[in-house]
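Below: the structure, in structure tokens.
The values are calculated or read from the model by the stated rules, or taken from the named source; none is laboratory data. Keep in mind the model is a prediction, meaning the values are calculated, not measured. So basically every Cβ, Gly included, is an ideal-geometry build from the backbone, and we count neighbours across all protein chains shown.
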Amino acid sequence: MSGCATLHRKAVPLGQASDCSPDALDRLSARQDDFGPLTDTRTLECALSSLRGSHDTALRRSALGGRLCLYLAERNPDPNAREKLAAEGVRFAEAALALGADGDGRVHYYLATNLGLAVREHMTLAVENLPRLESELQRAVALNPDTDGGGPLRVLGVLYLKAPPWPAGIGDGDKALELLKRAVESHPEHPLNHLFYAQALWNLDEDAAIEPVKRELALGMRLLNEGSWDFNRNSWNEEFMQFQQEIGESGR
């Protein structure tokens, strides 16, 4: 994909359908919210396999496809498979919007998060897609800011925190701090809200922020270790450790 202006088009094989529940499609229709970050991988794969073969307009117009692809992509250790799953999540979200889901902020959120994951390792694609990522996340914040434990607030805040500042990009430390503070206040149960808020505080003023940064970091790590985050714990813990090392190396 590097150097190419398009995302992967090839789907990731999901194993034999014979070991999936025969009522998987009915479950998709009736209990979409059952599928989340705490769902085991095989159940998510069976759900995605069923959705791939479904022509149900209501399902196709929902955020389900983007959500399933994101959760599977985030926990897949193979970078190529991860990008393919994320690209498929983008396509599901785009199809949902084409069917009239523009008023569902969850669709915009999963479009943006999958897109960000699909282009993350490809600098040209990542820069080209910054305006779209911002637009989709802004729409998600306006419509459904509480999705995924404050996900739209968290991800848009991180986008402003990490992106190059104007005129090269859309980076804005003040906007990042405002959004991530909202995420922490509205969803204090999510570990990443505290991690990214700590990073925003550190970015704003290292000297003045060291104590609140350490408090937020410690709280986020405790939530991660004590909560039911089994499928994300290892990768998120690496992010905590990297930031902890960064502030430790500052000598403060």
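Looking across the stretch 157-173, the residues that are touching a residue at least 24 places away in the same chain (Cβ under 8 Å), out of contact with any Asp or Glu (no Cβ under 7 Å at 6 or more places or on another chain) and assigned to a helix (DSSP H, G or I) come down to Gly157, Val158, Leu161, Gly173. Scanning the stretch 139-179 for residues that are aliphatic (A, V, I, L, M) and modelled with pLDDT under 95 yields a total of 3.
Tallying residues that are outside any helix (DSSP H, G or I) and either over 17 Å from the mean Cα position of the chain (by Cα) or of a type in the set (Ser, Thr, Tyr) (or both) within the stretch 41-82 yields 7.
For Gly103, the conditions (1) out of contact with any Cys (no Cβ under 9 Å at 6 or more places or on another chain); (2) part of a helix (DSSP H, G or I) all hold with the exception of (2).
From the list Leu70, Leu7, Leu25, which one is modelled with pLDDT under 90 and closer than 13 Å to Leu117 by Cα?
Step by step, each of Leu70, Leu7, Leu25 is checked, and only Leu7 is modelled with pLDDT under 90 and closer than 13 Å to Leu117 by Cα.
When the stretch 161-217 is filtered for residues that are basic (Lys, Arg) and either farther than 22 Å from Glu249 by Cβ or in contact with a Cys (Cβ under 6 Å, 6 or more places away or on another chain) (or both), the ones remaining, listed by number, are Lys175, Lys181, Arg182.
Yes or no, residue by residue, for (1) under 29 Å from Arg139 (Cα atoms); (2) in contact with a Lys or Arg (Cβ under 9 Å, 6 or more places away or on another chain); (3) crowded, with 21+ Cβ neighbours inside 10 Å:
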| position | (1), (2), (3) |
| --- | --- |
| Ala163 | yes, no, no |
| Pro167 | yes, no, no |
| Gly171 | yes, yes, no |
| Asp174 | yes, no, no |
| Leu192 | yes, yes, yes |
| Lys214 | no, no, no |
| Asn232 | yes, yes, no |
| Phe240 | yes, no, no |
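Across the stretch 151-184, the number of residues qualifying as basic (Lys, Arg) and more than 16 Å from the chain's Cα centre (by Cα) comes to 3. Can you find a residue in the stretch 184-199 that is part of a helix (DSSP H, G or I), in contact with a Ser or Thr (Cβ under 7 Å, 6 or more places away or on another chain) and not basic (Lys, Arg)? Within the stretch 184-199, none of the residues are part of a helix (DSSP H, G or I), in contact with a Ser or Thr (Cβ under 7 Å, 6 or more places away or on another chain) and not basic (Lys, Arg). Pairing residues of the stretch 124-147 that are touching a residue at least 24 places away in the same chain (Cβ under 8 Å) and assigned to a helix (DSSP H, G or I) with residues that are of a type outside the set (Gly, Ala, Ser) and surrounded by fewer than 18 Cβ atoms within 10 Å (Cβ to Cβ), at Cβ distances under 6 Å and at least 6 apart in sequence or on separate chains, gives Leu130/Ile170; Glu134/Ile170.
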